Amino acid sequence: MLFSSLVTVFTAFALALPAVAFPFADRFLEKRIPALPVAVTTVHEFAFPSWCENLAVRANGQILVTRLDTPEVILVSPTNAFAPVTIATWNATAYKGALGITETNADIFEVVLSANVDEDFVKTSGVPAVYKINMNTFAYSGSTITSNATVSLTTEIPTADFLNGATTLDTIHVLVADAYNGWVYKVNTLTGAYSIAIDNALMKHPSGGPNLGVNGLKIRNSYLYWTNTGVGTVNKIKITSAGTASGASSVVATVSRPDDFIFKSNGAIFVPQNQLDELSYIAPGASTSTVIAGSSTSTLLAGVTSAQFGRLSSDSNRLYLATSGGKFLLLICDIVTKLIGHRSCGAD
Ligand SMILES: *[C@@H]1O[C@H](CO)[C@@H](O)[C@H](O)[C@H]1NC(C)=O
Ligand SMILES: *[C@@H]1O[C@H](CO)[C@@H](O)[C@H](O)[C@H]1NC(C)=O
């Protein structure tokens, strides 16, 4: 049975990248990756069941991990200097889980909370929301929280269906992806005001499903980039400083089943492929991708969902990855079963 063989839940990995950054042309870059697949080591393995969905790295190097199986945000030490600490929990009846997380001001984060959705990502109950986590009030000493992070509701978004990725537009505004509806909200994190900022054809899920369109979001050089999970693309559109489109959208590269993604400073893109258990790499300016870690026949990167580079000089070349432990494989197999009549989930 597929799932029982994937019960071991690996949930945060460090991926060692070549120490030399990528200064030259793509062909040099390829040579500077010493061997593929690149080495992956476990930072922390969470108890079953746990689905790590997204990551934000604090300026001090610690990692905030969102959980999708239950609405929680957990603080993880990349060096295991302390055991994971639960920073925030929400009502698990009202929310399916926590997803995108993005820093707006020093140690202040906005995090997406999903309403309950069914296996086709159709909202069944509850109201999607965005919350603020202020880590400036958090203090931890000798395995005891001496002062909590301050968690507050930024806004509910009743018109949203399945909120997923998030990115920071400026110190006041974040952009949040609605993967089911295929559009992006702009949220004022001070007032809670929100509106659909970008609604683009390349954000829509494929008509045959799965019902996951726009997923991860990143802004770079006045372009909004996003993955479309169902279609299998990384896309971009030029945006104004107000977060609205100021050009036509285009496909940057095709990548099968992309989840959230991350840029390296040189423009390279690393794309976790949750449903394939792989991590792909798009060289700066390239339109093709290369698998650099994981495989669909391995649990090494089972259900890899998102990636962030370290922020310290000691780990700025290290890519941290969150994984679901492969739970998504089962979910997607269920969808495939329904759509094209496969009787089982295959040989994984
Ligand atoms: C949790 O949410 C459910 C559903 O919205 C609600 O009925 C319940 O009262 C909430 N529980 C708490 C402790 O707020
Ligand atoms: C932190 O919040 C938890 C949960 O609300 C509470 O039980 C605990 O007493 C708080 N800790 C401090 C130091 O205020």
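The values are calculated or read from the model by the stated rules, or taken from the named source; none is laboratory data. Remember, predicted model here, so these are calculated numbers, not experimental data. Cβ placement follows ideal geometry from the backbone for every residue including glycine, while neighbour counts extend to all protein chains displayed. Accessible surface areas use protein heavy atoms only, side chains included; no ligands, DNA or RNA. Shrake-Rupley method; radii C 1.70, N 1.55, O 1.52, S 1.80 Å.
Within the range 145-157, the set of residues being buried (at least 17 other Cβ atoms within 10 Å of the Cβ) and of a type in the set (Ser, Thr, Tyr) comprises Thr154, Thr155.
When the range 220-248 is filtered for residues that are part of a strand (DSSP E or B), within 17 Å of Thr167 (Cα to Cα) and not aliphatic (A, V, I, L, M), the ones remaining, listed by number, are Arg220, Tyr223, Tyr225, Trp226, Thr227, Asn228, Asn235, Lys236, Lys238. For the range 158-177, state whether one or more residues are within 16 Å of ligand 2 (Cβ to nearest atom), open to solvent by 50 Å² or more (accessible area, probe 1.4 Å) and either part of a strand (DSSP E or B) or not hydrophobic (A, V, I, L, M, F, W, C) (or both). Looking for residues that are within 16 Å of ligand 2 (Cβ to nearest atom), open to solvent by 50 Å² or more (accessible area, probe 1.4 Å) and either part of a strand (DSSP E or B) or not hydrophobic (A, V, I, L, M, F, W, C) (or both), one finds none in the range 158-177, hence no.
Per-residue answers, yes or no, for (1) in a loop (DSSP other than H, G, I, E, B); (2) modelled with pLDDT under 80:
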position	(1), (2)
Phe270	no, no
Thr288	yes, no
Val291	no, no
Ser298	yes, yes
Leu301	yes, yes
Ala307	no, no
Leu319	no, no
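Thr70: within 16 Å of ligand 1 (Cβ to nearest atom), surrounded by fewer than 20 Cβ atoms within 10 Å (Cβ to Cβ) and not small (Gly, Ala, Ser), yes or no? So Thr70 passes the test. How many residues does the range 198-219 contain that are touching a helix residue (DSSP H, G or I) at 6+ places or on another chain (Cβ under 9 Å) and either over 28 Å from Thr104 (Cβ atoms) or not in a strand (DSSP E or B) (or both)? The qualifying residues number 5. Which residue out of Asn228, Asn188, Asn200, Asn221 is open to solvent by 40 Å² or more (accessible area, probe 1.4 Å) and not basic (Lys, Arg)? None of the other options fit; the residue is Asn221. Under the condition of being open to solvent by 60 Å² or more (accessible area, probe 1.4 Å) and touching a residue at least 12 places away in the same chain (Cβ under 8 Å), the residues counted in the range 129-144 number 3.
Of all the listed residues (Pro284, Pro258, Pro272, Pro210), the sole one being in contact with a Gly (Cβ under 9 Å, 6 or more places away or on another chain) and more than 24 Å from Tyr320 (Cα to Cα) is Pro210.
A quick yes/no check of all residues on (1) in contact with an Asp or Glu (Cβ under 7 Å, 6 or more places away or on another chain); (2) modelled with pLDDT of 95 or more:
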position	(1), (2)
Asp118	no, no
Gly126	no, yes
Ile133	no, yes
Phe138	no, yes
Ser143	no, no
Phe162	yes, yes
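Within the range 159-196, the residues that satisfy the criterion of being more than 22 Å from Asn116 (Cα to Cα) and more than 16 Å from the chain's Cα centre (by Cα) are Leu169, Asp170, Thr171, Ile172, His173, Asn188, Thr189, Leu190, Thr191, Ala193.
Looking across Asp107, Asp118, one residue alone is open to solvent by 40 Å² or more (accessible area, probe 1.4 Å) and either more than 16 Å from Asp178 (Cβ to Cβ) or among the charged types (D, E, K, R) (or both). It is Asp118.
Where residues in the range 73-104 are open to solvent by 10 Å² or more (accessible area, probe 1.4 Å), hydroxyl-bearing (Ser, Thr, Tyr) and in a loop (DSSP other than H, G, I, E, B), which of them is farthest from Leu212 (Cα to Cα)? Among those that are open to solvent by 10 Å² or more (accessible area, probe 1.4 Å), hydroxyl-bearing (Ser, Thr, Tyr) and in a loop (DSSP other than H, G, I, E, B), it is Thr79. The residues on offer are Glu110, Glu72, Glu103, Glu119, and the sole one that is within 16 Å of ligand 2 (Cβ to nearest atom) and acidic (Asp, Glu) is Glu72. Could you tell me whether Ser152 is of a type in the set (S, T, N, Q), in a strand (DSSP E or B) and away from ligand 2 (no atom under 16 Å from the Cβ)? Spelling it out, it is not the case that Ser152 is of a type in the set (S, T, N, Q), in a strand (DSSP E or B) and away from ligand 2 (no atom under 16 Å from the Cβ).
Among the residues making up the range 121-156, those that are of a type in the set (Val, Ile, Thr) and within 16 Å of ligand 1 (Cβ to nearest atom) are Thr124, Val127, Val151. Screening Ser246, Ser250 for residues that are open to solvent by 20 Å² or more (accessible area, probe 1.4 Å), on the phi < 0 side of the Ramachandran plot, in contact with a Ser or Thr (Cβ under 6 Å, 6 or more places away or on another chain) and hydroxyl-bearing (Ser, Thr, Tyr) leaves exactly one candidate, Ser246.
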